[in-house]
Amino acid sequence: MLVETNNAVNLTAITEFDEVGEKHFLDSVASAAFIDFKKYESLIDIGTGAGFPGLPLKILFPHLNIVLADSLNKRINFLNLVIEELELTGVCAVHGRAEELARDPEYRERFDICVSRAVSRLSSLSELCLPLVRQDGLFIPYKSKEVNEELQEAERAIKIFGGEISEKKDIYLGSSNLFRSFPVIKKVKPTPDLYPRKNGVPQKKPIIVNKSAEK
Ligand code: SAM
């Protein structure tokens, strides 16, 4: 469905069937190599696009209650068709910005796990994702080769939003040896009411540790 629909609606730049298998599906479930998803009940995927990583995680762990959220409605329409076609229950596709969902009591600090892939750098992504995670829950960003630099830059932001970096797992995936890094960020205290800031602000004005300014 992804490859077919992509001819009419721009969902992904990866369109070759085997490549979709590896770079979308295998990559999406790679976090299951070290996170025991069976121990958790609810998960939200911020900026899910065509459903990655949330949808493959739902297929692999059907017990999870999953919210797939994206600010672009054409992607949500596609996801609703997929959900219907696969007869999935306990998953819903929501049209909205993370900044708005995180201010809605139905979503704020409600999720055991928040995942997100290819949405923004860790400093701003933490502001979009951590407010949605309940105390002791996990924020698991899917990161690539700049992970260490992003972690350093996001150190202060993660603390402000109530998170704590608990570990980092690196994995090489499939025949293309795709590098994927997963910092695991635990929610240790509530996110202050001030956050997330207004739509677009987390990405435009991220709270970052600027090493040169610190000197
Ligand atoms: N996660 C998918 C993947 O890895 O294939 C899609 C990645 S795509 C590059 C980024 C997605 O994030 C887009 O679909 C965009 O609409 C969504 N997005 C960007 N900022 C967002 C925000 N503040 N709230 C919700 N969705 C957002």
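Can you tell me which residue in region 150-179 is modelled with the lowest pLDDT, limited to those that are on the phi > 0 side of the Ramachandran plot and over 18 Å from the mean Cα position of the chain (by Cα)?
Gly174
Filter region 58-71 down to the residues that are under 28 Å from Asp193 (Cβ atoms) and either of a type in the set (Val, Ile, Thr) or within 9 Å of the ligand (Cβ to nearest atom) (or both) and list them by number.
Ile66, Val67, Ala69, Asp70, Ser71
Restricted to region 14-63, and to residues that are hydrophobic (A, V, I, L, M, F, W, C), over 20 Å from Ala98 (Cα atoms) and in a loop (DSSP other than H, G, I, E, B), which residue is nearest to the chain's Cα centre (by Cα)?
Taking the candidates together, the pick is Ile35.
Out of the residues in region 166-215 that are small (Gly, Ala, Ser) and under 20 Å from Ala118 (Cα atoms), which is surrounded by the most Cβ atoms within 10 Å (Cβ to Cβ)?
Restricting to residues being small (Gly, Ala, Ser) and under 20 Å from Ala118 (Cα atoms), the top hit is Ser181.
Go through region 84-129 and give me each residue that's in contact (Cβ under 8 Å) with a residue 60 or more places away in the chain, in a loop (DSSP other than H, G, I, E, B) and away from the ligand (no atom under 15 Å from the Cβ).
Within region 84-129, Glu109, Arg110 meet the criteria.
Please give the number of the condition Asp136 fails out of (1) without any contact (Cβ under 8 Å) to a residue 40 or more places away in the chain; (2) exposed (fewer than 12 other Cβ atoms within 10 Å of the Cβ).
Every listed condition holds for Asp136 apart from (1).
Since Pro53 meets every condition but one in (1) crowded, with 17+ Cβ neighbours inside 10 Å; (2) within 14 Å of Gly163 (Cβ to Cβ), which condition does it not meet?
(2)
Contact list please: Cβ distance under 8 Å, first residue in region 152-166 and farther than 16 Å from Ile140 by Cβ, second residue among the small types (Gly, Ala, Ser) and assigned to a helix (DSSP H, G or I), pairs at least six apart or on different chains.
The qualifying pairs are Glu153/Ser123; Ala157/Ser123; Ala157/Ser124; Ala157/Ser126.
Could you grab the pairs with beta carbons closer than 6 Å, sequence gap of 6+ or different chains, first residue in region 34-58 and without any contact (Cβ under 8 Å) to a residue 60 or more places away in the chain, second one part of a loop (DSSP other than H, G, I, E, B) and within 10 Å of the ligand (Cβ to nearest atom)?
Filtered contacts from region 34-58: Ala50/Leu11; Ala50/Thr12.
Residue under question is Ile44, and the condition is that it be at pLDDT below 95 and within 13 Å of the ligand (Cβ to nearest atom); does it hold?
Taking the combined requirement at face value, the residue does not satisfy it.
The values are calculated or read from the model by the stated rules, or taken from the named source; none is laboratory data. Just so it is clear, the structure is predicted and the values come from calculations on it, not from any experiment. So basically every Cβ, Gly included, is an ideal-geometry build from the backbone, and we count neighbours across all protein chains shown.
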